[in-house]
Structures are given as structure tokens and as C-alpha cells.
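Student: Dropping the structure in here first, questions after.
The values are calculated or read from the model by the stated rules, or taken from the named source; none is laboratory data. Nothing here was measured: the structure is a model prediction, and the numbers come from that model. A quick note on method: Cβ atoms are made from the backbone with ideal geometry, for glycine too, and the neighbour counts reach across all protein chains shown.
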Amino acid sequence: MDLVPVTHLTAIDYAVMAVYFVFVLGIGFALRRSTKSSSDFFQSGRSLPPWVTGLAFLSANLGAQEVIGMGASGAKYGIATAHFYWMGAIPAMVFVALFMMPFYYGSRARSVPEYLKLRFDEKTRTLNAISFAVMTVFSSGISMYAMGKLFNLLLGWSFDFSVLVSAVIVLAYVFAGGLTSAIYNEVLQFFMIAFGFAPLVFLGLKNVGGWAGLTARLTEAAATKGLAPGAYTHAWQGMASASTNPLGVEWFGLVMGLGFVLSFGYWCTDFLVVQRAMAADSMIAARRTPLIAAVPKMLFPFLVILPGMIALALTGSDGGIIPAKMAASGAPMLDAAGNVVMDFDLATPMLLIKLFPEGMLGLGLTALLASFMSGMAGNVTAFNTVWTYDIYQSHIRKNAPDEHYLWMGRAATVGGIALSIAAAYVAGAFNNIMEVLQLVFAFVNAPLFATFALGMFWKRATGHGAFWGLASGMSGAMLHHGLTLPNGSAPGIKGGFLGVLHTYPSEMAQTFWTAIVAFSTCVVVSIVISLMTVPRPDAELKGLVYSLTEKPQDQGIPFLQRPATFATGVIAAVIALNLIFR
Amino acid sequence: MSGEASLDLRLPIGGLFVTLGIMLAGYGLVTGSNTEMYVKSAGININLIWGVVMLITGVIFLALAKRGAARG
């Protein structure tokens with residue numbers, strides 16, 4: 001690609017970037033000596049304080065899909081994008097903290113698949129471990145690909161250079177310090193994102209005349225698209241029907257698909273985030289981890305979605321911040337109505353370049369780089385753990401000395417990064433990274449929450465029930481995707497490859513309904529097969545199932561410090577946010 | 001298991017923010033008279049202001065780390 005880069009960096013920008021990487025590598029180096037056993041490497045020796053695991057819990061998910069994808073969705077859908085947080089993530093985070101952490105942490109499982117092994121059986125664990133391992137490599141590869149492409153476009157850096165250098169840095173600090181190193185760098189990256197994006201939002205709002213000015217401009221933008229005046233600035237307006245809101249989803253699909261199935265599937269069962277809580281130094285710290293994460297999480301829409309909305313407000317029909325999407329021929333792409341298609345993924349980065357002078361520009365771009373890299377590192381640490389404990393130790397070499405598994409963890413780190421690089425080169429040609437990832441999550445994660453919920457709260461659920469429920473849930477998701485199509489798409493990756501039985505108003509609606517179908521299939525099949533097979537005796541399920549486990553005793557803890565009190569505050573705040581931006 | 005984490009995370013966060021804060025604020029001071037450069041940021045010397053904010057944040061983290069170390 002011989003495009004002219006959008007901007008170039010000066011010495012101060014490079015100096016800011018260099019200082020950040022010195023600290024990142026320094027952390028890895030400093031932790032190298034204390035990483036002596038496989039438990040240190042994969043579980044941080046279960047020794048971290050809750051504020052660290054909490055911010056890492058949030059930050060592990062804060063990769064490319066979050067910062068770039070949420071900005072893109074902000075420009076595409078407006079404040080309704082915040083449903084991913086206020087309707088989706090927060091309730092799920094509260095649930096995992098209060099109801100699921102006692103089993104994850106209390107069972108002393110070293111990974112989420114290992115919990116499935118303890119609760120159900122080996123085959124359920126293996127199915128989950130393999131699908132999860134594939135997904136982490138894929139996510140990490142997408143993150144690298146997006147980064148390479150973005151920095152090529154913005155700064156003219158070569159794709160190979162960005163991918164290889166970032167891979168080497170991530171490899172160096174994860175190899176040296178394992179999970180602790182990844183977690184520490186995730187927390188560092190959290191502060192970089194917060195401090196890199198807060199001034200962007202401040203300057204952006206100043207530019208458009210504050211929230212009032214933003215609302216006025218977006219009301220105009222909504223009118224040109226034929227939407228209701230408040231479509232971009234109200235999260236709940238027009239949600240009664242798919243045709244009257246920019247998401248193209250009706251409230252039921254949103255609440256059940258995103259709010260219940262997808263978000264609970266991700267935040268409650270994805271080992272990438274749960275691994276952070278499992279590294280906490282005590283049960284109470286593990287339960288507080290998702291709650292601590294929820295507080296900044298509910299404010300993140302203002303940091304990552306607002307820049308997209310501001311970019312849209314500053315983009316008129318004659319161009320502006322968000323550039324047109326280019327076809328392979330080099331001409332701007334047009335939609336069916338003849339309007340220019342905007343490249344929403346560039347909304348946030350272009351705003352950064354437009355508003356930040358040199359110096360701050362270095363800080364903003366470093367924050368972006370940091371988010372790409374910690375997204376990669378999070379996936380790699382989850383991958384090396386699942387590979388070593390759930391695949392290698394349980395199927396390939398069972399009773400090796402601990403040093404061997406530590407060695408294997410480091411080898412898996414190298415292997416995982418090599419596979420991610422390969423995936424980065426394979427990935428491509430997708431409009432919105434977020435929607436592709438949501439699609440993958442819908443296939444793999446949606447049935448998962450059903451399996452965990454049944455496993456934790458219904459002692460009659462059996463291993464055969466869980467396995468076949470999970471397998472049929474994933475197949476159900478694929479079948480549903482193959483038989484439906486979003487409005488205006490051609491059959492293929494978007495769905496409909498088995499024939500089109502139903503057309504959804506938008507891709508998002510289709511994704512949410514795929515999740516609902518997967519979840520329902522998994523519940524029904526798991527229950528039917530469980531009732532036909534022999535349950536495990538109660539004695540074996542102590543600590544693994546709700547009704548057979550002692551409840552955590554919080555009476556000794558001062559009222560204000562109890563997880564339940566904290567959780568109530570979080571829920572009240574998120575309801576308030578929904579009401580303010582209704 | 002070695003258990004005890006060997007590095008207080010507040011130290012590198014504090015160190016990074018102090019370093020970046022000094023760099024940005026210093027750069028803001030040097031370039032303060034260059035009005036053309038700050039047209040982008042609506043006439044605000046964002047390097048100076050934000051550099052100072054980051055410096056203060058960094059100092060707070062270092063102070064917390066020091067207090068934590070003193071407590072043992």
C-alpha cells in the first residue's frame with residue numbers, strides 16, 4: 001500500500017511512545033525473577049490486590065474492538081451504543097461477582113475449562129478449551145491486523161513492522177513475567193487510555209459547543225438519515241420497533257440477546273476476563289474484582305463512544321472528520337442510495353489527529369497502541385493457560401514436574417503469538433470489527449452461559465447433558481446464522497448460506513437473535529439429556545453447585561464493604577445513567 | 001508458590017506519569033508562544049495543562065506507594 005499517510009509524528013511524539021515502552025518492558029523484566037512456578041506464571045500465585053485485578057478485568061477486554069469499535073459504533077449508532085455497557089456488561093459483571101465467583105475461586109480451578117471438568121467431565125472441558133483457544137488466537141490476530149492497518153494508514157508505518165514489533169514486545173513481557181506481567185501492563189494501559197482519551201473528549205466537546213451543541217448537530221445528522229430527531233443522543237428512544245432506531249433492533253432482541261445472553265456469556269464465562277479475578281489474593285478480593293471493574297466500565301462510554309459521536313457531528317455531507325470508505329479501485333464506496341459510505345472505524349483515530357497538537361498526539365496514539373497490545377497480551381495469557389492446563393496437561397503429558405509446565409507455558413506463549421501473527425495476515429475485509437467479534441462470540445459464547453448457569457444452579461445437570469447442550473447450542477447458532485440474513489446483504493459471511501428463511505432489519509438484530517437461539521437450544525438439550533443420564537452423587541459436587549455449597553459469610557464485614565452493598569450501588573448508578581440518557 | 005508480588009504496581013504507574021507529565025508540560029512551556037500549533041486544540045495549550053495533570057497524578061501514585069511500603 002503506497003498511500004500518503006494522514007499525518008506524521010515529531011520527536012516529542014516518538015519520545016512519549018518510547019518512554020511508555022520502556023516502562024512496559026521494565027515491568028516484565030522486574031517480574032522475571034519472581035516468576036518461579038507454573039502457579040506464578042499462570043495464576044500470579046493468587047496474590048494480587050483487588051484494585052489491580054479489577055482494573056485488569058476491565059482492561060483485558062479493552063483492546064482494539066473496544067476503543068476503535070466503540071468509537072465506530074458511536075459514529076454509526078450514537079449513544080445507543082452505550083447499551084453494550086449499561087444494558088450488557090454491567091449487570092453481567094455484578095452477576096459474576098455475586099453469584100459465580102464463589103465457584104470459580106472457591107473450587108480452586110485454575111481455568112474456566114477446568115471448572116467444567118470438575119463440575120461435569122473431561123469431554124465438556126475439552127470442547128470448551130479447544131473452542132476458547134481458537135477464539136483467543138483469532139481475537140489476538142484481529143487485534144494485530146487492525147493495528148497494522150491503522151498505523152499504516154495514519155502514519156505510513158509498514159504493516160509488517162507494526163505487527164512484528166508489537167508481537168515481539170508482547171512476547172517479551174508475557175514470556176518474562178507471565179500473567180502478573182500481563183495484568184500489570186493492563187492496568188498501566190487502563191490509565192493510558194483514560195488519560196489519553198479524557199482530553200480528547202474535552203477538546204471535542206469544546207469544538208462542537210458542549211453537549212447542547214453536539215445534540216443540535218446530531219439532530220441534523222439524524223434528519224438527513226431519516227431518523228427521529230433524538231436518535232443519536234437518546235439510548236432508548238425508538239426502541240419499540242427495529243425500524244425507528246439506528247441499531248435496527250427491537251427492545252426484546254436487545255434486552256435478551258445483548259443484555260442477557262451475549263453479555264452474560266462473555267463476562268461470566270470468558271476465561272480471558274475471569275482469569276484476572278482468579279488471580280486475586282482472597283475470595284473476597286475475587287468477588288470484588290468485577291465490581292471494582294464495573295465502576296469505570298459504566299463511565300467508559302463517555303471516553304470511547306463520545307469521540308465517535310463528536311466525529312460524526314463534525315462530519316457533514318461534504319466530508320469532515322470521518323473519511324469515505326475506499327473501494328479497491330481507489331474511488332469512494334457508495335451505498336444503494338448513492339450516498340458515500342463512511343469508514344466508521346477511523347472516526348476515533350481521525351478525531352485524535354484533528355484535535356491533538358504534537359506532544360498530546362504522541363500520548364493519544366500511544367494510548368491506542370497500548371490498547372491493541374494489551375488486547376493481544378490478554379488473549380495470549382488466556383491461551384497459554386488453557387493450552388498448558390486444559391489441553392497439554394490433561395491429554396498429552398499428565399504427571400510432569402512443575403518446571404515442565406512452566407516451560408510449556410513459555411513455549412505456548414511463543415506459539416500463541418506466532419499463531420496470532422498468522423491470523424493477522426489471514427484476517428481482513430470486514431466492515432466493523434465489533435460485529436465480526438460479536439458473531440464469533442455468538443457462536444461460541446452464547447450457549448456457554450446456559451451450560452454454566454445450569455451447572456452452577458441445577459445439581460441434576462450431567463456431563464453428557466452439558467456436552468451435548470453445548471455442541472447443539474453452537475450448531476444451533478451456526479444453523480440460525482446460515483438460514484437468516486440481515487436486510488440488504490448478499491448470502492455469504494453475513495448469513496443465509498443455507499438458504500434464507502427470515503430477513504432481519506440489521507446485522508445486529510441477526511447477531512442478537514443468533515445468541516438467543518443458541519442459548520435456548522443449549523438449555524433445552526442440556527435439560528433433556530441430563531434427565532436421561534445418571535447424575536453425579538451430591539458429595540462430589542460440594543463447592544461446585546449453589547445448593548450444595550456454603551454461602552460466603554459477609555456478616556463479619558462492615559456493611560458498606562460487603563460485595564452485595566457495592567453491587568447495589570453499581571446497579572443504582574447504571575439505572576440512573578439509563579434514565580439520564582433515555 | 002512465591003506468593004508475595006515482588007513489585008508494587010503503583011511505582012511504575014507513578015514513574016511513568018511523572019516522566020510523561022514532565023515531558024508534556026515542558027514541551028508545552030517551550031511551545032507556548034506558538035499559537036499556530038495550538039489552533040487545533042481551540043487555542044488551549046493542552047500539552048502544558050495535561051502535562052501538569054499527569055505529573056500530579058504520578059506524584060499521588062508515588063506517594064501512595066511510599067505510604068504502602070512504610071506500612072510494610
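Student: I'd like the full set of residues that are over 16 Å from A:ALA194 (Cβ atoms) and among the hydrophobic types (A, V, I, L, M, F, W, C), limited to segment B:15-45.
Tutor: B:VAL18, B:ILE22, B:MET23, B:ALA25, B:LEU29, B:VAL30, B:MET37, B:VAL39, B:ALA42, B:ILE44 - these are the residues of segment B:15-45 that are over 16 Å from A:ALA194 (Cβ atoms) and among the hydrophobic types (A, V, I, L, M, F, W, C).
Student: Pick out the one residue from A:LEU247, A:LEU258, A:LEU179, A:LEU262 that is within 14 Å of another protein chain (Cβ to nearest Cβ), surrounded by 20 or more Cβ atoms within 10 Å (Cβ to Cβ) and under 23 Å from the mean Cα position of the chain (by Cα).
Tutor: It is A:LEU179.
Student: Looking at segment B:54-71 only, could you name the residues that are over 10 Å from the mean Cα position of the chain (by Cα) and either under 13 Å from A:PHE195 (Cβ atoms) or within 12 Å of chain A (Cβ to nearest Cβ) (or both)?
Tutor: Within segment B:54-71, B:LEU64, B:GLY68 meet the criteria.
Student: Which residue is surrounded by the most Cβ atoms within 10 Å (Cβ to Cβ), if the candidates are limited to segment A:265-290 and must be over 17 Å from the mean Cα position of the chain (by Cα) and assigned to a helix (DSSP H, G or I)?
Tutor: A:ARG287
Student: Filter segment A:97-120 for residues that are farther than 21 Å from A:GLY465 by Cβ, crowded, with 24+ Cβ neighbours inside 10 Å and aliphatic (A, V, I, L, M) and give the result.
Tutor: Across segment A:97-120, the qualifying residues are A:ALA97, A:MET101.
Student: Sticking with this structure for a sec: Considering only segment A:463-582, give the helices (runs of 4 or more DSSP H) lying wholly within it that have at least 2 residues that are over 19 Å from A:PRO447 (Cβ atoms).
Tutor: Qualifying helices (runs of 4 or more DSSP H): A:507-532, A:563-580.
Student: Inspect all residues belonging to segment A:338-350 and state whether any of them is under 27 Å from the mean Cα position of the chain (by Cα) and within 14 Å of chain B (Cβ to nearest Cβ).
Tutor: Yes, the conditions are met somewhere in segment A:338-350.
Student: Further question: Under the condition of being polar (S, T, N, Q) and surrounded by fewer than 23 Cβ atoms within 10 Å (Cβ to Cβ), which residue from segment A:485-520 is nearest to A:GLY257 (Cα to Cα)?
Tutor: A:SER520
Student: In segment B:1-24, which residue that is surrounded by fewer than 21 Cβ atoms within 10 Å (Cβ to Cβ) and modelled with pLDDT of 90 or more is farthest from A:SER34 (Cα to Cα)?
Tutor: Per the criteria, the residue is B:ILE22.
Student: Given the criterion touching a strand residue (DSSP E or B) at 6+ places or on another chain (Cβ under 9 Å) and either in contact (Cβ under 8 Å) with a residue 24 or more places away in the chain or over 20 Å from B:GLY15 (Cα atoms) (or both), identify the matching residue among A:THR53, A:THR10, A:THR35.
Tutor: Checking each option against the conditions leaves just A:THR53.
Student: Right, another one. Just to be sure before I move on: is A:VAL94 without any contact (Cβ under 8 Å) to a residue 60 or more places away in the chain and either surrounded by fewer than 24 Cβ atoms within 10 Å (Cβ to Cβ) or acidic (Asp, Glu) (or both) in the structure I sent?
Tutor: Answer is no for this residue.
Student: Identify, please: which residue in segment A:46-55 is within 8 Å of another protein chain (Cβ to nearest Cβ) and outside any helix (DSSP H, G or I) and is, among those, nearest to A:THR289 (Cα to Cα)?
Tutor: Of everything passing the filter in segment A:46-55, A:LEU48 is nearest to A:THR289 (Cα to Cα).
Student: Quick check on segment A:14-45: of everything there that is among the hydroxyl-bearing types (Ser, Thr, Tyr), at the interface with chain B (Cβ under 7 Å from one of its Cβ atoms) and assigned to a loop (DSSP other than H, G, I, E, B), which residue is surrounded by the fewest Cβ atoms within 10 Å (Cβ to Cβ)?
Tutor: It comes out as A:SER37.
Student: Would a scan of segment A:61-68 turn up a residue that is within 18 Å of A:SER263 (Cβ to Cβ), part of a helix (DSSP H, G or I) and touching a residue at least 24 places away in the same chain (Cβ under 8 Å)?
Tutor: Looking through segment A:61-68, at least one residue is within 18 Å of A:SER263 (Cβ to Cβ), part of a helix (DSSP H, G or I) and touching a residue at least 24 places away in the same chain (Cβ under 8 Å).
Student: Of the residues A:THR511, A:THR533, A:THR549, which single one is within 15 Å of A:GLY469 (Cβ to Cβ) and either touching a residue at least 24 places away in the same chain (Cβ under 8 Å) or of a type in the set (D, E, K, R) (or both)?
Tutor: The unique qualifying residue is A:THR533.
Per-residue answers, yes or no, for (1) at pLDDT below 90; (2) in contact with a strand residue (DSSP E or B) (Cβ under 8 Å, 6 or more places away or on another chain):
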| site | (1), (2) |
| --- | --- |
| A:ARG46 | yes, yes |
| A:VAL94 | no, no |
| A:TYR105 | yes, yes |
| A:SER131 | yes, no |
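Student: Can you name the residue in segment A:119-158 that is of a type in the set (D, E, K, R) and under 23 Å from the mean Cα position of the chain (by Cα) and, of all such residues, is farthest from A:HIS8 (Cα to Cα)?
Tutor: A:ARG125
Student: Something else now. Determine which member of the set A:GLU122, A:GLU114 is under 16 Å from A:THR385 (Cα atoms) and either among the hydroxyl-bearing types (Ser, Thr, Tyr) or in contact (Cβ under 8 Å) with a residue 24 or more places away in the chain (or both).
Tutor: A:GLU114
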